[in-house]
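Data first, discussion second: the structure below is written as structure tokens.
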Amino acid sequence: MTQAIGKKVKVRFAPSPTGDLHVGNIRTALFDWAYARHTGGTFLFRIEDTDTTRVTDEYIKAAIDTLKWLGLNWDEGPEVGGENGPYLQSQRLDIYAHWAAKFLEQGDAYYCYCSPDELEAVREAQRKANEAPGYNGHCRDLTPDQIGAFKAQGREGVVRMRMPDGSTTFIDEIRGEVTFDHKFVPDFVLVRADGSPLYTLAVAVDDILMKVTHVLRGEDLLSSTPRQIRVYQAMGVAQSEYPAFAHLPFVMGQDNAKLSKRNGEVSIAWYREQGYLPEAICNYLALLGWSPGDDRENISMKELTELFTVEKVHSSPARFDMKKLEAINGDKIRALPLEEFAKWSIPFLIKAEVITGTEEEVSLVTRALPLIQERIVKLDEAPALLKFLFVKDFVIDQEAVAKVADEQAKNILRRALQDLELLTTWDHLSIESALRASLIEELGLKPRIAFTALRIATTGSTISPPLFESMELLGKEASLARISLALSL
């Protein structure tokens, strides 16, 4: 990606959090962060909250928390500070007002008094004439008398930027040279009638004042680039000082439609609640539109920062595949050291009310976790697999009761109870040896038949960690009591 000699890279992630951050937001943040870390540059985090009707303090806090949870630490921004603050646009309104006034004074902008109904009438006429919809320049050159007449009617003007004739051409670092004819980029609003700035003014002013060198953002914002360049021009910024732009490809669902809640576009908070690891989310999102250059799909955050370059970002849309995300998450879970696996799993067990978090419970969980680490793809699967160890009022799942109620199952449980009562050493090796000798070798039963009844009797379900290890953790007294309970059904 283009980088001026001697100029340190500075990228920015600037969401407008009108809800929890979603896949598209975080993919952008991740690419920004990875590029900053790869180049030794600065990752700036800025909140675009001028839309006070939709952006709330709660959403801002959630955005900050989400980036922290994902490990996308920023160098400038909320809670960190920096020399270019404040980093909430709602705290920078005087800056935008200054530049809007300057643009008016220079003649780069003007007041527009057209009402919403009048603007809609123009758009309707343009549609009927098969013309490109947009502002028709009605208020571009109003006389003082016309302005006075509008004000006498009580009209409040918006501030519009004057787009010159011609076109805007710039180099997109992913798509190459891009040109927009200005007949498709009509004069645009910078400031609402109530004095509040719009995105196009605020984002351009902030990127220049905060010395942003590279703008990596979604493809949906490509068409806003000529407007931002127009603001740079009105600010008197030399072209050599414009940020470089790179517009990231769309993320599509499996149905080739733009990502939505129906096909995977849910908030990162949802993935967090479902038990996805932050590194798995980042790993997978990194592969949506970028490749390390080989067939690898499992990469660490450290490897991402070493390998990420904008040149390897594709221009074609990326496809979101939930099954691939699950597979990567499962790989990340299996790779966790036991201590880390426990740290991530225990909150899910507490939330599910399987444990309360006592030292004794945590000790038992830590012993049990190796039994399920190879079996789960999400952390929220742990409670269902381990709850049998902690239930006070043990019951067998209703759908599994029939499998321990028939006569063959009863005979298996009676013989198992008889042999297990004789054991003086209670560990999984002794349990397995005793049960295989009697049920498999002596009675000639197939393991699936023999051990299914025991699994249900001791864990309450057909799905559990390995049977003999589970019985060891459960203990002799509880195991025998549960087998006896199953025999009474």
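The values are calculated or read from the model by the stated rules, or taken from the named source; none is laboratory data. Here the structure is a predicted model, which means the values were calculated and not measured. With ideal geometry, Cβ positions are generated from the backbone for all residues, glycine too; neighbour counts draw on all protein chains shown. What goes into the accessible areas is simple: the full protein's heavy atoms, side chains included, and nothing from ligands, DNA or RNA. Shrake-Rupley method; radii C 1.70, N 1.55, O 1.52, S 1.80 Å.
Just for region 341-353: of the residues that are hydrophobic (A, V, I, L, M, F, W, C), outside any loop (DSSP other than H, G, I, E, B) and open to solvent by 50 Å² or more (accessible area, probe 1.4 Å), which one is nearest to Phe390 (Cα to Cα)?
Out of the qualifying residues, it is Ile350.
Restricting to helices (runs of 4 or more DSSP H) lying wholly in region 418-489: which have 2 or more residues that are acidic (Asp, Glu) and open to solvent by less than 60 Å² (accessible area, probe 1.4 Å)?
467-474
Considering every residue within region 395-402, establish whether at least one is surrounded by fewer than 19 Cβ atoms within 10 Å (Cβ to Cβ), closer than 30 Å to Glu326 by Cα and touching a Ser or Thr at 6+ places or on another chain (Cβ under 7 Å).
Yes, there is a match, as at least one residue in region 395-402 is surrounded by fewer than 19 Cβ atoms within 10 Å (Cβ to Cβ), closer than 30 Å to Glu326 by Cα and touching a Ser or Thr at 6+ places or on another chain (Cβ under 7 Å).
Phe150: touching a strand residue (DSSP E or B) at 6+ places or on another chain (Cβ under 6 Å) and surrounded by fewer than 21 Cβ atoms within 10 Å (Cβ to Cβ), yes or no?
On the way: touching a strand residue (DSSP E or B) at 6+ places or on another chain (Cβ under 6 Å): no; surrounded by fewer than 21 Cβ atoms within 10 Å (Cβ to Cβ): yes.
Answer is no for this residue.
Here is a list: Leu338, Leu325. Which entry is crowded, with 19+ Cβ neighbours inside 10 Å and either under 33 Å from the mean Cα position of the chain (by Cα) or more than 30 Å from Ala434 (Cα to Cα) (or both)?
Leu325
Output the number of residues of region 354-374 satisfying the condition of being small (Gly, Ala, Ser) and either in a helix (DSSP H, G or I) or open to solvent by 60 Å² or more (accessible area, probe 1.4 Å) (or both).
Residues meeting the conditions: 2.
Mind checking which pairs have a first residue in region 419-437 that is free of Cβ contacts under 8 Å to residues at least 24 places away in the same chain and a second that is of a type in the set (Ser, Thr, Tyr) and surrounded by 15 or more Cβ atoms within 10 Å (Cβ to Cβ), Cβ under 6 Å, 6 or more apart or different chains?
Hits for this filter: Asp419/Ser438.
Which residue out of Ala97, Ala109, Ala101 is touching a Leu at 6+ places or on another chain (Cβ under 9 Å) and at pLDDT 95 or above?
That would be Ala109, the only listed residue that is touching a Leu at 6+ places or on another chain (Cβ under 9 Å) and at pLDDT 95 or above.
Take the conditions of a type outside the set (Ser, Thr, Tyr), surrounded by fewer than 19 Cβ atoms within 10 Å (Cβ to Cβ) and closer than 25 Å to Thr53 by Cα and apply them to Asp207. Does it pass?
It is false that Asp207 is of a type outside the set (Ser, Thr, Tyr), surrounded by fewer than 19 Cβ atoms within 10 Å (Cβ to Cβ) and closer than 25 Å to Thr53 by Cα.
Using beta carbons and a limit of 6 Å, which pairs, at least six apart or on different chains, have the first residue in region 28-45 and outside any strand (DSSP E or B) and the second one of a type in the set (D, E, K, R)?
Pairs found: Thr28/Arg217; Gly41/Lys8; Gly41/Lys10.
Within region 456-475, identify whether any single residue is within 30 Å of Val362 (Cβ to Cβ), free of Cβ contacts under 8 Å to residues at least 24 places away in the same chain and aromatic (Phe, Trp, Tyr), and answer yes or no.
No, that holds for no residue.
Is there a residue being assigned to a helix (DSSP H, G or I) and open to solvent by 50 Å² or more (accessible area, probe 1.4 Å) anywhere in region 128-136?
Checked against the condition, which is being assigned to a helix (DSSP H, G or I) and open to solvent by 50 Å² or more (accessible area, probe 1.4 Å), region 128-136 yields at least one hit.
Please specify each residue of region 36-60 satisfying the condition of being open to solvent by 40 Å² or more (accessible area, probe 1.4 Å) and either hydroxyl-bearing (Ser, Thr, Tyr) or modelled with pLDDT of 95 or more (or both).
Arg37, His38, Thr39, Gly40, Thr52, Thr53, Thr56, Tyr59 - these are the residues of region 36-60 that are open to solvent by 40 Å² or more (accessible area, probe 1.4 Å) and either hydroxyl-bearing (Ser, Thr, Tyr) or modelled with pLDDT of 95 or more (or both).
Is it the case that Glu79 is open to solvent by 20 Å² or more (accessible area, probe 1.4 Å), assigned to a loop (DSSP other than H, G, I, E, B), out of contact with any Phe, Trp or Tyr (no Cβ under 8 Å at 6 or more places or on another chain) and acidic (Asp, Glu)?
In short, yes.
What's the number of the condition Trp290 fails, among (1) touching a residue at least 12 places away in the same chain (Cβ under 8 Å); (2) open to solvent by 70 Å² or more (accessible area, probe 1.4 Å)?
Trp290 satisfies all of (1) touching a residue at least 12 places away in the same chain (Cβ under 8 Å); (2) open to solvent by 70 Å² or more (accessible area, probe 1.4 Å) except (2).
Within region 401-418, can you find the residues that are more than 19 Å from Ala478 (Cα to Cα) and touching a residue at least 40 places away in the same chain (Cβ under 8 Å)? Before the answer, list the steps.
Taking region 401-418 first, the residues more than 19 Å from Ala478 (Cα to Cα) are 402-403, 405-409, 411.
Correct list: Lys403, Ala405, Gln408, Ala409.
Kindly indicate whether any position in region 82-104 is in contact with a helix residue (DSSP H, G or I) (Cβ under 7 Å, 6 or more places away or on another chain) and of a type in the set (Ser, Thr, Tyr).
Scanning region 82-104 turns up at least one residue that is in contact with a helix residue (DSSP H, G or I) (Cβ under 7 Å, 6 or more places away or on another chain) and of a type in the set (Ser, Thr, Tyr).
Please work out if Tyr59 is among the hydroxyl-bearing types (Ser, Thr, Tyr), assigned to a helix (DSSP H, G or I) and in contact with a helix residue (DSSP H, G or I) (Cβ under 9 Å, 6 or more places away or on another chain). First the steps, then the outcome.
Numbers: among the hydroxyl-bearing types (Ser, Thr, Tyr): yes; assigned to a helix (DSSP H, G or I): yes; in contact with a helix residue (DSSP H, G or I) (Cβ under 9 Å, 6 or more places away or on another chain): no.
In short, no.
Considering (1) of a type outside the set (A, V, I, L, M); (2) outside any loop (DSSP other than H, G, I, E, B); (3) open to solvent by less than 40 Å² (accessible area, probe 1.4 Å); (4) more than 25 Å from Gln274 (Cα to Cα), say which one Phe388 fails and leave the rest.
(4)
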